[in-house]
Amino acid sequence: MIMRYKFEIGCVAFLVLAFILTQLGLNRFFFFAGFAVLQFIMIATAWNILGGYGGYINFGTAGFLGVGSYTSIALIQWSNVSIVPQIIAAAALAGLLGLAIGYFTLRLKGVYFAIATLALAIVLETVVNNWDFVGGAAGISILPTRKPELLGAVIVDRKIGVFGNYKEFLFFLIAGMTIFSVWVARTIEKGKLGRGLNAIKDNEEAAESMGVPTLRLKLIATTISGALMGAAGGIFPSYLTFIDPLTAFNLEFAVYSLAMPMIGGTFTWIGPVLGGLLLGTVQQVAIVTISSELNLLILGVVLVVFVTFAPHGLVGWFMKKN
């Protein structure tokens, strides 16, 4: 019985561990860096739902993250909405955007689809650059809300419920969101949607001729992927406390979201988790010990190594060894 639910037990254990870490009085940098690593895992997992399972290379990650970020900012500016409703609204809007964009672009294939999704991020950044309500090109500072949270926690004297500070609360919140995104990806992989997406990846024409509803499955995948990315973006402004279009729609996110599943392995849910954990940790260590400007150089070196020696990612390499 325990072995049957080992994944669920592992998820609960991870959340318990995340909560315990917030109670140990650690340096805030650990929560700041941990947040970044967990967000990387969530982004990689979301990307892999369409890019890994379905084979549609998506360069629009920055667009969905930016939409999520600026949905939160708009809600804060409008009525100082608290963080959990921000994330829910960001996920809903990004999911709808994924559905709409998917309907018009998923008939394209290969490089044409990739270019179309890349253009999405650029267009959205241009729109936000000229939207003064959310700060425009100059950006906007975000202060932690002092309104009661949906989860029942209240910020008092820089504490939020049982958490020592807001960064600890955000770390625990992103831990829960990451677990949820991994659970969604694993459920898709083992269900009919995952099998259908794999059929599309192998041969879309053959899958369609066998009765697989290819467009519907791709739209579902795009919607779920966009919603998870939007949720990851929805918590971003509170984490950074300052956001501008260049940061929210940073095209480096598109590169990272593609690289992490490739490093870990795109054919299973654990691949993006391993890739995000490895790349996110290396990035945070490099920022502290070397320079934040070398991130893309390090990413390039890591990609070359994995493409050369482990073309199917860490998971594929271990499976081959065994």
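No value in this document is a laboratory result; all are computed from the given coordinates. Bear in mind the structure is a predicted one, so any value in this text is a computation, not a measurement. Quick reminder, even Gly has a Cβ in these numbers, built from the backbone with ideal geometry, and neighbours come from all protein chains shown.
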* For the stretch 262-285, state whether one or more residues are loosely packed, with under 13 Cβ neighbours inside 10 Å and either among the aliphatic types (A, V, I, L, M) or in contact with a Pro (Cβ under 6 Å, 6 or more places away or on another chain) (or both). => yes
* Is it true that N58 is among the polar types (S, T, N, Q), on the phi < 0 side of the Ramachandran plot and not in a loop (DSSP other than H, G, I, E, B)? -> no
* Structure fact -> Wholly inside the stretch 227-296, helices (runs of 4 or more DSSP H) that include 2 or more residues that are within 13 Å of the chain's Cα centre (by Cα) and hydroxyl-bearing (S, T, Y) are 252-264
* **Count of residues meeting criterion [under 19 Å from F32 (Cβ atoms) and in contact with a Leu (Cβ under 9 Å, 6 or more places away or on another chain)] in the stretch 235-254** => 10
* Does the stretch 91-103 include one or more residues that are over 20 Å from the mean Cα position of the chain (by Cα) and over 22 Å from G264 (Cα atoms)? -> yes
